[in-house]
Amino acid sequence: MDIRSTIRMTNGVEIPTVGLGVWRVENEEEIRSSIKAAIGAGYWHIDTAAIYQNEDMVGNAVADFAKREDIFITTKLWNTDQGNAKAAFEDSLKKLKTDYVDLYLIHWPSPVHNKYVDAWKALIDIYESGKAKAIGVSNFGISRIAEIIDATGFVPHMNQVERHPFYQQNELAAFCASNGIAMTAYSPLGSDHFAEIAEKVKPLAEKHGKTPAQVILRWHYQTGWVLIPKSVKPARVAENADIFGFELDEADMSFMASLDSGMKFLPEPDTATF
Ligand code: NDP
């Protein structure tokens, strides 16, 4: 397996296992150099969102460095647009300079807006129009996923959630697996807390002659998750894709499992007020 590896979603669409995250990359030069480095390292999957305010820059960089059809693009519907999903989706397409996305997600359930069932119905229409090759949700827990399935009979293809060694999401992953929903790990390196996780996995990194980031990302891969690390440093972008030439053994995987402390770094989706 290599950077071309994919996970097949239930509708047959294959999502590349490794993608480049671009949250908090709002400077055109940084986006360009990060995407250029990613494509040079073989990435073919970019994860953006309307709220990141860089869809236009992602669209420009993809047009400059690749063919649109060679890149898998994920974008997301922002919370305040849940009652206006179709127009928001068209706006994302325009900014990305494309007539389809590979994956479109409801970014957060956002219970304060209480419109995610309506938004899910709109995403189903978008999917049926062919303009999104797959659809899903992000930051959805078990009860909210069950709710949108009950309301529509349509099972999301993907759920994208916070996941790293300190917050492994095993219960949610088991529920999604039993419903055929693929999983993407966001903040796979622990986001702003990478150093704390890196310190813990240092012994494994030394054992395999790899970096802590590579050990963490390899663990996501071996547990069957899509992973979307962000870096604006070209050397790190390449490092984060170089996870296919070694394998964590059973003892390594048990050690990684033991790091699950339930410590999450991003807001709790069910109580978030945005
Ligand atoms: P990550 O877990 O990807 O960590 C990114 C941080 O780690 C940055 O500070 C980066 O710094 C640093 N880093 C990256 N690679 C390395 C490396 N090899 N060695 C050391 N440090 C490294 O965090 P994010 O929170 O950005 O998550 C990744 C992506 O997930 C986002 O960009 C976004 O696309 C998605 N996401 C989705 C959310 C959702 O609600 N659906 C929420 C949060 C994220 P530097 O850039 O300087 O290298």
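Details
- Taking amide hydrogens as placed 1.01 Å from N in the peptide plane, the amide H of LEU77 sits under 5 Å from those of LEU105, ILE106, HIS107, each at least 5 positions away in sequence or on another chain.
- Extension gain for GLU14-ALA151 works out to 46.7 nm (0.36 nm per residue, less the C-alpha to C-alpha distance).
- When the chain is treated as a GNM with alpha-carbon contacts under 10 Å, the residue of ASP70, ASP91, ASP118 showing the greatest mean-square fluctuation is ASP70.
- In a simple Cβ point-charge model (Lys, Arg +1; Asp, Glu -1; nothing else charged), the chain has a dipole of about 280 debye relative to its Cα centre.
- Residue-count net charge about SER129 - beta-carbon cut-off 14 Å; Lys, Arg +1, Asp, Glu -1: 0
- Extension reserve of the VAL117-ASN170 stretch, reckoned as 0.36 nm per residue once the Cα distance is removed: 16.6 nm
- Distance between modelled label sites at GLU128 and GLU250, nm, 7 Å Cα→Cβ extension: 4.9
- Per-selection Rg to Rh, region 220-274 - Cα, Kirkwood hydrodynamic radius: 1.06
- Mean separation of Cα contacts under 8 Å (6+ apart) over length of the chain, as relative contact order %: 21
- Rounded FRET efficiency, nearest 0.05, which uses the C-beta distance separating ASP2 from ASP99 and R0 of 35 Å: 0.75
- In this structure ARG236 has an accessible area near 130 Å², from a 1.4 Å probe over the protein heavy atoms.
- Scanning the chain for GluC sites (Glu not before Pro) that sit in a DSSP loop and have at most 15 other Cβ atoms within 10 Å, the longest stretch containing none of them is 27-246.
- Computed log₁₀ I(q)/I(0) - Debye formula, equal Cα scatterers, no solvent, the chain, q 0.09, 0.10, 0.12 Å⁻¹: -0.38, -0.47, -0.70
- Note on THR223: accessible area approximately 60 square angstrom, rounded to 10, probe 1.4 Å, nucleic acids and ligands left out.
- Within region 6-258, percent of DSSP bridges classed antiparallel, to nearest 5: 15
- Among LYS86, LYS67, LYS95: highest mean-square fluctuation, GNM of the chain, C-alpha pairs under 10 Å: LYS67
The values are calculated or read from the model by the stated rules, or taken from the named source; none is laboratory data. Computed from a prediction, not measured in an experiment: that's the story for all the values here. Don't worry about glycine lacking a Cβ; one is built from the backbone with ideal geometry, like all the others, and counts go over all protein chains shown. Calculation scope for accessible area: heavy atoms of the full protein, side chains included, ligands and nucleic acids excluded. Shrake-Rupley method; radii C 1.70, N 1.55, O 1.52, S 1.80 Å.
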